[in-house]
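Below you'll find the structure, written out as structure tokens, and then a few comments.
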Amino acid sequence: RKMTAAVIGYVGVLVAVICFGSNFIIVKNYESGDGFYFQLFLCMGIWTVGLIVQLIRGSDRIYPFALVGGAIWASGNVLCVYIIQQIGMGLGLVIWGSTALLVGWFTGFFGLFGLQKDEISLVWLNILGLVFALLSLFTSFFVKVEVDSKKQEAISVSAGEIDEQLLATASMGDTKAESSVNGTEGFPSSQGDASPKQQNQALGIVAAVVAGLFFGNNFDPPTYIQQHNCKGDNRCDESYRGASDDPLDYVFSHFCGILLMSMACFLVYATYKKNQPWVSGQLAMPAFFSGMVWAFAQVGWFVANAQLGYTTAFPLVAIGPGLVGTLWSVFYFRSIRGTKNFLLLGVVFSLAIACSVCIVVSK
């Protein structure tokens, strides 16, 4: 039974890795403005997949607490445009990506927020895998990716689900603080009082950490319900007695939270813009289909979390999609070039492979 669960879990990881690493391709060549319009249609696509899953499952139950998880993810997602504007794409992705990875791993390892601790056979090997994952993420920060054929910006290529769907969220042309190849261009070196620019950068870093906290915790509400349904060895919370054991039964509720929060954010944004929000008819369908692909990846992650635990699923899903995205960048878009970049990618891939081996064997 454990072997079957593990196989199902790793299939979920594979689906998440491929879909998270590919969903941004659909919208790569479209102007996405300030991101709110893009997010709205992205989330419509996400919700549509959730509805399909709900109909296939034949479930008629909505879990309000699971909606909170979706709202948490959408809240983190909407912060990313501001983060990119303040500290650049590269530094932003590394901060919120590593924060989310650590939050998810620590939650599963220590059983935080009322969740069950993950069962790990070789703890030291799992921790080593986590270290390799973080090193892979930070190394990818130095890979230089060409943007719009002429402009170049250092962006992370291995922060996975946490960032790939956001590569198209912010228009490169609207980015106010683009990073250099080391991601620190524009950071002050003086010891005097903080200037407005310094303060904005500090706020950008804080916002990136907050976004990472949201991304790392978005699965906790549905997982809590699933683990407190008073069945078998699960804990018992009378509010959720008899709740489903299947992670797929929480997908629709989670995705409803994503759509509702995105709609709320768009309405606030439209009000702020005095009913003149940035919109694009050409972006609507690509964003919608990008959201559907993202949703399939999230469904795979739901399954992986349930079958493998956070300490296994989070590191693998965090680094895997970026490797897929890298392959697209190298062989299709040809936006990663040069001996130095290829050597760095070799290090990134080697660390990712080492991480995967350690994580799988430790389980």
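The values are calculated or read from the model by the stated rules, or taken from the named source; none is laboratory data. Keep in mind that this is a model prediction, so the values were computed, not measured. No Cβ is skipped: glycine too gets one built from the backbone with ideal geometry, and neighbour counts run over all protein chains shown. Heavy atoms of the whole protein, side chains included, go into the accessibility calculation; ligands, DNA and RNA do not. Shrake-Rupley method; radii C 1.70, N 1.55, O 1.52, S 1.80 Å.
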### Task
Hey, could you check segment 279-294 for residues that are out of contact with any Ser or Thr (no Cβ under 9 Å at 6 or more places or on another chain) and over 8 Å from LEU42 (Cα atoms) and say which is most open to solvent (accessible area, probe 1.4 Å)?
GLN282
## Note on the structure
Residue pairs qualifying under the 7 Å Cβ cut-off, at least six apart or on distinct chains, with the first in segment 46-62 being touching a residue at least 60 places away in the same chain (Cβ under 8 Å) and the second being open to solvent by 90 Å² or more (accessible area, probe 1.4 Å), are VAL49/PHE296
## Note on the structure
Within segment 12-33, residues farther than 20 Å from HIS254 by Cβ and open to solvent by 40 Å² or more (accessible area, probe 1.4 Å) come out as LEU14, ILE18, ILE26, LYS28, ASN29, TYR30, GLU31
### Task
Hey, can you tell me all the residues within segment 34-52 that are of a type in the set (Val, Ile, Thr) and either in contact with an Asp or Glu (Cβ under 8 Å, 6 or more places away or on another chain) or open to solvent by 10 Å² or more (accessible area, probe 1.4 Å) (or both)?
THR48, ILE52
#### Entry: Odd one out for GLN54, checked against (1) outside any helix (DSSP H, G or I); (2) modelled with pLDDT of 95 or more
(1)
### Query
What is the residue count in segment 341-359 for residues that are in contact with a Phe, Trp or Tyr (Cβ under 7 Å, 6 or more places away or on another chain) and surrounded by fewer than 20 Cβ atoms within 10 Å (Cβ to Cβ)?
2
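So that you can scan it fast, the table gives a plain yes or no per residue for (1) open to solvent by less than 10 Å² (accessible area, probe 1.4 Å); (2) out of contact with any helix residue (DSSP H, G or I) (no Cβ under 9 Å at 6 or more places or on another chain):
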site: PHE219; (1), (2): yes, no
site: CYS236; (1), (2): no, yes
site: SER239; (1), (2): no, no
site: SER244; (1), (2): no, no
## Note on the structure
Filtering segment 221-246 for residues that are part of a loop (DSSP other than H, G, I, E, B) and more than 18 Å from VAL68 (Cα to Cα) leaves a count of 10
